[in-house]
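The values are calculated or read from the model by the stated rules, or taken from the named source; none is laboratory data. Predicted model, so just to flag it, every value in this text is computed and none were measured. Ideal geometry is used to build each Cβ from the backbone, glycine not excepted, and the neighbour counts take in all protein chains shown. Heavy atoms of the whole protein, side chains included, go into the accessibility calculation; ligands, DNA and RNA do not. Shrake-Rupley method; radii C 1.70, N 1.55, O 1.52, S 1.80 Å.
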Amino acid sequence: MRSRKEFIVAKFEFLSTIRKKSFILTTLMLPLFFAIPVLLTASLPGLIGGEGQNIGFIDETGMLEQATGYIKYPTSEEAKAALLRGDIKSFFILPKDYLSTGKITVYSLSSSPITERIDSIDSFIVQNLLRYAKVGTDVSNRITNPPARETVTLDEKGNIKQGSGDLARLVLPYALAIGLLLSIMMSSNFLMQGIGEEKESRTGELLLSSISADQLLRGKIIGYGAIGLLQVLVWGLMAGAALSMSQYAFILSALQISWIIPLAVTYFFLGYSLFSVSIACAAAISPTAKEAQQTSSIFTMAAALPLVFSQFIILSPNSEIAKALTFFPYTAPVITMMRASLVDIPAVEIAASIGIMMISIILVMSLAGKIFRMGMLMQGKRATIREVIASIREK
Amino acid sequence: MNIDYTLNVSGLVKRFDNKTVLDNVSFGVKGGEIFGLLGPNGAGKTTMIRTILDILKPDAGDITVLDGKFREEVKEKIGYLPEEGGLYRKTRVFECIRYFAELKGVAGIDSEIGGWLKKMNLYEYGNKNVSDLSKGMSRKLQFIIAVIHKPEILILDEPFYGLDPVNKLQIEGVIQELKNSGMTIIMSTHQMDEVEKMCDRILLINKGRSVLYGDLGEIKGMYGFSIYLDYSGKLPRIDGVSRINDHGNQAELMLEKGADTREILRRLADAVDVRKFEIKTRSLTEIFIEEVGK
């Protein structure tokens, strides 16, 4: 019966939040907000009408042949006139001493020629040089298409390590670390909003007359945790769909189940439990949503700390600092995922890190109910340290 | 402990920091009665209610509810109407009631919810957001939330707050119906006329201490009588009258115990033009002012 009440609270918070316009907009519009510039960039050459057809050139070396999309002009004056008429978007001059200097001059009406147009000119010149030098097709293809690398790691005995070439091993930990951070940020934001509204409407007193503060807190954590997971899931699916339609679709097929996935899931739930309880208490003892945001930023900053040190951690994943952050409960989830993508973390370190996190959660939870209860009953003022300590000491 | 009491509070002490908010308060509430919890602002009434509801833990003393120590399951047998707030403004009226009912351990009671909405003239607002309701309608919605799970004990904190006379009369009637059905009701209010009309027994607390406790009729009897006077002229000093509330054309004369009312009437008739002379028991408002002002 008692645990059922937590799920009643969780269900109510979940359904109330996912129906909010702000949630629907954030969930669906944020990926589009990021996708639009990417899609625009990807389709830019198409949008501006096929750059290859609009590039002129003056060849003083005799090495270039007119090709589809490239118009040869005998003089720079004629090319300039064509540019001003709008027949071409740009033109370039390949000077007589090109082979010794490697320099060309590109003329355009825009002060910053588009990267794709420059890449296209470079590619056109390289292909013509290869043809001029009579390089065979196979070699020519390898020059224009760089090698696809596969990395194999050997152990001390010279055997190939299992999963050493698995892209999932590299990509997944980072993806989960960022997913965890995103989930914490989004869930804590909704949690703070929810608690802020509850304090404003003074529903806390009525709720606490029906259920205990611990149950209420657990219900909210489950509800808002589910909201955060739903949001990350939607974003993950949208990113997956976008990847599957792009040239990077091979990344998805490379994602395989490995030991790192259950580890990531464990840290995900432990991390979320610790952060959400801490943030809920910060929100409860703050009089306004703005102050709640400021107070809880301590925890979100701690979660993001490993990303701040990422350069150092990539260079020294087994350094003392990296190990210390693995044992600090508020940085452990993200740092462990980052280190796991770079080195094999000893099992004893992982076990100690998980153990410390579990003890921390039990400790924080045992104090949180009392702090949360005191905060929910307090109106219009921030709880002082003395009041927080007094609430913890209460029977 | 008196086993006749549905709610028994014994030697209750509650402190915040070094301030004692409730100081050794004891009282009992009998089953099926309306019990008035009275006191000036800051007397400790809200702390008392929160402690009874187990929202706050006492520093000393015992609370026995429904023949036992407070247990989490007991919360489902208590209904509570807080003085202010307590509603999710962006939630639909029907869903708001259903949520609180589920937290009290009852589900699948949509027909009961509909019945209460009809009874309180709120049925057409069932699918609207709580924010669409007026202050009076919101108060009636809170009342429904307090009683929807058919509690054995109902705690009402200022139940008539924000209600117009028509709605006030409606809530009065519903409270009487609930009392007649056997529900035990604790009512905290500043509206002394309502307490006089509805309560069987009262507890008056001031500065965290119990000042008056017992049967309302007996308490009023202890305070003797008053004379309500409609007059013109200048009131004289009269033996047997302890205090006079003089409003110009009307006055209340508080009588000492054993005062001779015939003699007082004679003295008044000699000194002023008496249009109306009525002997009544002291009003609760007067008793409240006298005790709190001590």
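Rounded to the nearest 20 debye, the dipole size of the protein assembly as shown about its Cα centre is 240 debye, using +1 on the Cβ of Lys and Arg and -1 on the Cβ of Asp and Glu.
For segment B:1-137, the relative contact order comes to 21 percent (Cα pairs under 8 Å, sequence separation of at least 6).
Ignoring ligands, DNA and RNA, how much accessible area is buried between chains A and B, both sides summed, with a 1.4 Å probe, to the nearest 100 Å²? Interface area, both chains combined: 2900 Å², rounded to the nearest 100. Note on A:Leu305: accessible area is roughly 60 Å² with a 1.4 Å probe, heavy atoms of protein only. Here the 3J(HN,Hα) profile of segment A:197-203, calculated from phi with Karplus coefficients 6.51, -1.76 and 1.60 at θ = phi - 60°, is 5, 5, 5, 5, 8, 6, 7 Hz, Gly and Pro shown as x. Relative to the dominant Cα principal axis of chain B, helix B:93-103 is inclined by about 80°. Count Lys and Arg as plus one, Asp and Glu as minus one, and take only other residues whose Cβ is under 9 Å from that of B:Leu163; the net charge is then +3. Taking all protein chains together and a 1.4 Å probe, the residues B:Ser226, A:Ser140, B:Ser181 rank B:Ser181, A:Ser140, B:Ser226 from largest to smallest accessible area. On the principal axes of its alpha carbon atoms, segment B:192-257 extends 41, 23, 23 Å, with the longest extent given first.
Only beta bridges with both residues in the protein assembly as shown are counted; by DSSP, about 65 percent of them are antiparallel.
Here the label points at A:Ala241 and B:Asp200, each 7 Å from Cα along the C-beta direction, are separated by 6.5 nm in the simple model. The H on the amide N of B:Ile186, modeled in the peptide plane, is under 5 Å from the matching H of B:Phe35, B:Leu154, B:Ile155, B:Leu156, each at least 5 residues off or on a different chain. Relative to the longest principal axis of the Cα atoms of chain B, the long axis of helix B:261-271 makes an angle of roughly 60 degrees. Averaged over peptide B:84-93, the number of partner chain Cβ atoms lying within 10 Å of each residue's Cβ comes to 5. Remark: chain B carries a charge dipole of roughly 460 debye about the Cα centre, counting +1 on each Lys and Arg Cβ and -1 on each Asp and Glu Cβ. Amide H to amide H distances under 5 Å link B:Tyr213 with B:Leu204, where only residues 5 or more positions off or on other chains count and H is placed in the peptide plane. Mean residue ellipticity, 222 nm, helices only, chain B: the sum of -39500 (n - 2.57) across DSSP H runs of n ≥ 4, divided by residue count and rounded to 500, is -9500 deg cm²/dmol. Semi-axes of the equivalent ellipsoid of the protein assembly as shown: what are they in whole Å, largest first, if each equals the square root of 5 times a C-alpha gyration tensor eigenvalue? Equivalent ellipsoid of the protein assembly as shown: 79, 31, 21 Å, largest first. In this label model, A:Met358 and A:Tyr132 are separated by 7.1 nm, measuring between points 7 Å along each Cα→Cβ vector.
Using C-alpha pairs under 8 Å with a sequence gap of at least 6, the mean separation divided by the residue count of chain B gives a relative contact order of 20 percent.
When B:Lys168, A:Lys157, A:Lys11 are compared by accessible area at a 1.4 angstrom probe, the order from most to least is A:Lys157, A:Lys11, B:Lys168. With a 1.4 Å probe rolled over the protein heavy atoms of all chains, the accessible area of A:Thr288, B:Thr261, B:Thr64 falls in the order A:Thr288, B:Thr261, B:Thr64, largest first.
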